[in-house]
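Enquirer: Sharing a structure below in structure tokens format, with a few things to ask.
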Amino acid sequence: WPKDVGVLALEVYFPAQYVDQTDLEKYNNVEAGKYTVGLGQTHMGFCSVQEDINSLCLTVVQRLMERTQLPWDSVGRLEVGTETIIDKSKAVKTVLMELFQDSGNTDIEGIDTTNACYGGTASLFNAANWMESSSWDGRYAMVVCGDIAVYPNGNARPTGGAGAVAMLIGPKAPLALEQGLRGTHMENVYDFYKPNLASEYPVVDGKLSIQCYLRALDRCYTSYRQKIQNQWKQAGNDRPFTLDDLQYMIFHTPFCKMVQKSLARLMFNDFLSASRDTQSNLYKGLEAFRGLKLEDTYNNKDLDKALLKASQDTFDKKTKASLYLSTHNGNMYTSSLYGCLASLLSHHSAQELAGSRIGAFSYGSGLAASFFSFRVSQDASPGSPLDKLVSSTSDLPKRLASRKCVSPEEFTEIMNQREQFYHKVNFSPPGDTSSLFPGTWYLTREVG
Ligand code: CAA
């Protein structure tokens with residue numbers, strides 16, 4: 001099988017306009033700090049009616065192909081993960097064929113995968129599995145994930161966002177998926193779902209969704225740890241796996257505060273499985289919580305506080321940098337985790353990252369979740385695949401800074417327009433293209 005299958009290159013797309021969360025707090029008459037401190041969000045990107053999931057994905061794929069300068073026929077598999085469904089039958093993947101078919105390349109496997117925010121990860125696993133199987137034809141795979149995350153007026157609205165990420169998958173990758181190390185948890189729950197086909201908005205039980213996310217994290221981490229410890233044991237190394245074995249940790253990010261609590265939660269998992277001696281040295285302030293069971297602690301505010309304090313340095317070192325895009329753009333559903341990966345790369349040098357292990361937690365409501373990891377290549381020399389990948393993300397802050405700030409009034413008006421035009425056929429969106437970055441795909445007419 002090909003060695004070190006993983007991410008060779010990636011491209012991120014986000015809308016050219018955002019609303020400031022401080023302005024939104026005032027507009028929504030909530031206490032100052034609720035969105036910016038309580039949720040950890042500073043800005044939220046959003047799409048006008050001229051953008052849909054097809055335009056987002058077309059733009060991000062075209063840009064990745066232009067950046068890598070690969071011939072269009074070098075891709076043999078294209079997978080799309082999204083929960084922004086605008087057609088119950090026709091896959092976004094088929095729309096993306098528009099880009100490939102001019103080159104004559106129609107021999108491309110893969111279609112769309114949907115389960116809330118997990119579709120991108122399922123697509124990544126499918127692409128890697130294809131490459132490591134007898135079906136592989138020697139070409140690259142591409143994984144595209146994207147979503148428009150919008151909520152009705154109310155307490156979930158500030159946790160919206162939008163964006164897409166495309167990743168080129170191949171062997172000898174600077175970010176290789178570690179084999180045999182996926183801890184997965186799947187369960188039937190109704191924390192967030194989209195039963196109303198006439199609306200772009202989900203039905204969401206916010207508090208339940210947070211509990212489900214944390215429970216899935218506990219289960220996936222337990223199973224990942226078990227698998228890596230088994231691998232180590234077979235190699236003659238019988239020791240427990242802890243957060244220290246992950247130099248970086250990225251999470252699906254519905255809002256940034258959730259991620260800080262999740263990193264703290266991993267520390268709590270380690271604490272509960274560690275010996276008493278280790279606990280006193282590493283887990284200061286947690287003694288009072290010894291003996292608790294994970295499943296009894298999802299709403300324990302005292303524990304939350306103690307964990308956030310104990311894990312602050314670890315969070316600053318391993319995770320904070322990965323939240324850059326999420327803080328400024330919000331939730332991107334399927335692409336959120338991969339936006340975090342791009343942010344992490346954009347805030348570290350190739351030398352800093354070389355040889356490290358990046359843990360990743362993917363969560364999709366409903367629910368499907370996995371904990372897995374990337375091994376970063378050792379070679380960080382100028383011009384190496386790792387150096388190229390890292391350099392390609394360095395313009396992220398500049399690109400975010402070039403967006404247009406829109407008032408909450410205008411944002412609300414655009415959300416109302418999206419409601420009005422959602423799922424309308426044969427309509428041409430109003431407005432000019434000034435709300436878009438130059439050179440992006442956009443909707444001129446919805447067919448039906
Ligand atoms: N200053 C500082 N902090 C403040 C504050 C202020 N003035 N006012 C409130 N806060 C804090 C609160 O204490 C709270 O923090 P803690 O939980 O740490 O105590 C935080 O701000 C949020 O306040 P509330 O809990 O009162 O907020 P809410 O109930 O009005 O809404 C929400 C929060 C439930 C997350 C809601 O935004 C929501 O439903 N969002 C969508 C669902 C979601 O994102 N779920 C996450 C897990 S599911 C998932 O990951 C899939 C996915 O992508 C959707």
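Enquirer: Return the only residue of ASP87, ASP73 being of a type outside the set (A, V, I, L, M) and closer than 30 Å to MET415 by Cα.
Expert: Working: ASP73 fails: closer than 30 Å to MET415 by Cα.
Matching residue, one of ASP87, ASP73: ASP87.
Enquirer: Quick one: which residue in SER384, SER343, SER377 is crowded, with 17+ Cβ neighbours inside 10 Å, over 30 Å from LEU24 (Cα atoms), hydroxyl-bearing (Ser, Thr, Tyr) and in contact (Cβ under 8 Å) with a residue 40 or more places away in the chain? Lay out the reasoning, then the answer.
Expert: Values: SER384 fails: crowded, with 17+ Cβ neighbours inside 10 Å; SER343 fails: over 30 Å from LEU24 (Cα atoms).
Among SER384, SER343, SER377, only SER377 is crowded, with 17+ Cβ neighbours inside 10 Å, over 30 Å from LEU24 (Cα atoms), hydroxyl-bearing (Ser, Thr, Tyr) and in contact (Cβ under 8 Å) with a residue 40 or more places away in the chain.
Enquirer: Inspect all residues belonging to the range 53-63 and state whether any of them is within 21 Å of the chain's Cα centre (by Cα) and within 14 Å of ALA141 (Cα to Cα). First the steps, then the outcome.
Expert: Keep residues of the range 53-63 that are within 21 Å of the chain's Cα centre (by Cα), which gives 53-63.
Narrowing the set further to residues that are within 14 Å of ALA141 (Cα to Cα) leaves 61.
Yes, there is a match, as at least one residue in the range 53-63 is within 21 Å of the chain's Cα centre (by Cα) and within 14 Å of ALA141 (Cα to Cα).
Residue-wise test of (1) more than 15 Å from the ligand (Cβ to nearest atom); (2) crowded, with 16+ Cβ neighbours inside 10 Å.
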| site | (1), (2) |
| --- | --- |
| ASP218 | no, yes |
| LEU246 | yes, yes |
| ALA264 | no, yes |
| LYS284 | yes, no |
| LYS305 | no, no |
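Enquirer: Do we have any residue at all in the range 346-367 that's more than 15 Å from the ligand (Cβ to nearest atom), polar (S, T, N, Q), modelled with pLDDT of 95 or more and crowded, with 23+ Cβ neighbours inside 10 Å?
Expert: If we filter the range 346-367 for residues that are more than 15 Å from the ligand (Cβ to nearest atom), which is where we start, we get 346-359.
Those left that are additionally polar (S, T, N, Q): 346, 349, 351, 356.
Those still in the list that are modelled with pLDDT of 95 or more too: 346, 349, 351, 356.
From what is left, the residues that are crowded, with 23+ Cβ neighbours inside 10 Å are none.
No, because not a single residue in the range 346-367 is more than 15 Å from the ligand (Cβ to nearest atom), polar (S, T, N, Q), modelled with pLDDT of 95 or more and crowded, with 23+ Cβ neighbours inside 10 Å.
Enquirer: Would it be correct to say that GLN211 is within 14 Å of the ligand (Cβ to nearest atom), assigned to a helix (DSSP H, G or I), within 17 Å of LEU303 (Cα to Cα) and out of contact with any helix residue (DSSP H, G or I) (no Cβ under 9 Å at 6 or more places or on another chain)?
Expert: Working: within 14 Å of the ligand (Cβ to nearest atom): yes; assigned to a helix (DSSP H, G or I): yes; within 17 Å of LEU303 (Cα to Cα): yes; out of contact with any helix residue (DSSP H, G or I) (no Cβ under 9 Å at 6 or more places or on another chain): yes.
In short, yes.
Enquirer: I need the strands (runs of 3 or more DSSP E) fully contained in the range 1-56, keeping only those with at least 2 residues that are more than 30 Å from LEU308 (Cα to Cα), more than 16 Å from the ligand (Cβ to nearest atom) and touching a helix residue (DSSP H, G or I) at 6+ places or on another chain (Cβ under 9 Å).
Expert: Qualifying strands (runs of 3 or more DSSP E): 6-13.
Enquirer: Can you work out which of the residues in the range 10-62 that are hydroxyl-bearing (Ser, Thr, Tyr) and closer than 18 Å to VAL150 by Cβ is surrounded by the fewest Cβ atoms within 10 Å (Cβ to Cβ)?
Expert: So in the range 10-62, the residues hydroxyl-bearing (Ser, Thr, Tyr) come out as 13, 18, 22, 27, 35-36, 42, 48, 55, 59.
In the following step, the residues that additionally are closer than 18 Å to VAL150 by Cβ were identified as 13, 18, 27, 35, 48, 55.
Numbers: TYR13: 29, TYR18: 23, TYR27: 15, TYR35: 26, SER48: 22, SER55: 21.
The qualifying residue surrounded by the fewest Cβ atoms within 10 Å (Cβ to Cβ) is TYR27.
Enquirer: I need the full set of residues from the range 69-98 which are surrounded by fewer than 18 Cβ atoms within 10 Å (Cβ to Cβ) and either assigned to a helix (DSSP H, G or I) or among the aromatic types (Phe, Trp, Tyr) (or both), in order please.
Expert: Listed by number, the residues that qualify are TRP72, ASP73, SER74, THR94, MET97, GLU98.
Enquirer: Residues in the range 135-154: is at least one more than 30 Å from CYS405 (Cα to Cα), assigned to a helix (DSSP H, G or I), more than 11 Å from the ligand (Cβ to nearest atom) and among the acidic types (Asp, Glu)?
Expert: Within the range 135-154 (the criterion being more than 30 Å from CYS405 (Cα to Cα), assigned to a helix (DSSP H, G or I), more than 11 Å from the ligand (Cβ to nearest atom) and among the acidic types (Asp, Glu)), the answer is no, since none of the residues qualifies.
The values are calculated or read from the model by the stated rules, or taken from the named source; none is laboratory data. Model, not experiment: these values are computed from the prediction. Every residue, glycine as well, gets a Cβ built from its backbone with ideal geometry; the counts of neighbours run over all protein chains shown.
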